[in-house]
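To keep things clear, I will list the structure first and then write my remarks on it.
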């Protein structure tokens, strides 16, 4: 095909076919558990033209008919210059195919090989449910010939740091990683997650301030310990897809006795806007695949510095509140440490929240409440706030106190 009458294009296509052994830059194959789309960079740099778009559509159509996930193995320089705007319009075609596939409730996993640049990164690649990048791969909207520098931002690792890639893995681990992702995404049963057992103290605190000190103790078990104890295997989901990552919000999907359960867990730090957005993204992903959700609450509160305000912390918390409220899958919450204000409540189930004996939940930290109320008796104020686990049960804020 030569829709623009581009000089020498037919000869370029002939050479590309001879070099690659394929008819186009993309091919697909139906395997047992997925339809796999594969790019060949030897064919005009893996570029996409009108015929390529037709092949991609054929693959998605076959996957939808067989009710199978799609795996996109991408290696491309972007749109094919020799077909002009007809090539660029394939991005809309691909976006529509991804949207129809998503509406059918079917997973799409993209694997970003070296290189993945241009419009296909911004459509087929970044638009997948889970994005895996090959370590060291060149990844970015701008290709090497048009970008201003060789900044690390244009790498798999740079994209991971920016929150647009879920995992970066060595080439030899790609197949096993994708197989695990497909496995957990296709095990949804929408049955509520079991409440984790308490790993720390078993006795209840005598005072409100005692509860606060115990929750802040360095030796108290944190989220990673709870996730290790609860799950047999985990697949991380990282980044808010808007340029941010919060290391203090651990998200992913785990296997527990054969069941797949999505999780979002705070690690004891102030949660940033990226953390709230990542948790909201995780819950929406779980909803698509009927995965129950487990949330672990442990934060002194939402980040409240100027950077957080500029990044839209209020809007990010509102988004998470709405996502939890609208979720069509069961959400189970365990407060395992500090439950500080709205930053903790946003991650909590309205009906199915539990607490450990070494945790507390409060409208605000006692010290901040004292500053607002102009009181000096912080310890007495902690009692007045009724933030102990047993107080929260009596008030109906939590359903119960978990034990070993």
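Determine whether residue 120 is in a loop (DSSP other than H, G, I, E, B) and buried (at least 18 other Cβ atoms within 10 Å of the Cβ). Criteria not met by residue 120. Identify, please: which residue in segment 63-96 is farther than 17 Å from residue 118 by Cα and touching a strand residue (DSSP E or B) at 6+ places or on another chain (Cβ under 6 Å) and is, among those, surrounded by the fewest Cβ atoms within 10 Å (Cβ to Cβ)? Going through the qualifying residues, I end up with 68. Return yes when residue 195 is touching a strand residue (DSSP E or B) at 6+ places or on another chain (Cβ under 6 Å), crowded, with 17+ Cβ neighbours inside 10 Å and in contact (Cβ under 8 Å) with a residue 40 or more places away in the chain and no when it is not. Yes. When each of 318, 290 is tested for being without any contact (Cβ under 8 Å) to a residue 60 or more places away in the chain, surrounded by fewer than 24 Cβ atoms within 10 Å (Cβ to Cβ) and assigned by TED's automatic domain parsing to the domain that holds residue 231, the lone residue that passes is 318.
Condition check ((1) under 19 Å from the mean Cα position of the chain (by Cα); (2) touching a residue at least 40 places away in the same chain (Cβ under 8 Å); (3) closer than 15 Å to residue 51 by Cβ; (4) not assigned by TED's automatic domain parsing to the domain that holds residue 144) across all residues:
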site	(1), (2), (3), (4)
77	no, yes, no, no
90	no, yes, yes, no
95	no, no, no, no
112	yes, yes, no, no
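Within segment 332-359, being in contact (Cβ under 8 Å) with a residue 60 or more places away in the chain and either under 18 Å from residue 404 (Cα atoms) or surrounded by fewer than 24 Cβ atoms within 10 Å (Cβ to Cβ) (or both) holds for 332, 334, 335, 336, 337, 352, 354, 356, 357, 358, 359.
The residues in segment 236-261 that are outside any loop (DSSP other than H, G, I, E, B) and without any contact (Cβ under 8 Å) to a residue 60 or more places away in the chain can be counted, and the count is 4.
Across segment 17-60, the number of residues qualifying as outside any loop (DSSP other than H, G, I, E, B) and in contact (Cβ under 8 Å) with a residue 12 or more places away in the chain comes to 26.
Here the condition is being part of a helix (DSSP H, G or I) and either surrounded by 13 or more Cβ atoms within 10 Å (Cβ to Cβ) or not assigned by TED's automatic domain parsing to the domain that holds residue 290 (or both); of 150, 183, it holds for 183 alone. Only one of the numbered conditions (1) part of a helix (DSSP H, G or I); (2) surrounded by fewer than 18 Cβ atoms within 10 Å (Cβ to Cβ) is not met by residue 304, and that is (1).
The values are calculated or read from the model by the stated rules, or taken from the named source; none is laboratory data. The shown structure was predicted, so the numbers you read here are calculated from the model rather than taken from an experiment. Note that we place each Cβ from the backbone using ideal geometry, even for glycine, and neighbour counts take in every protein chain shown.
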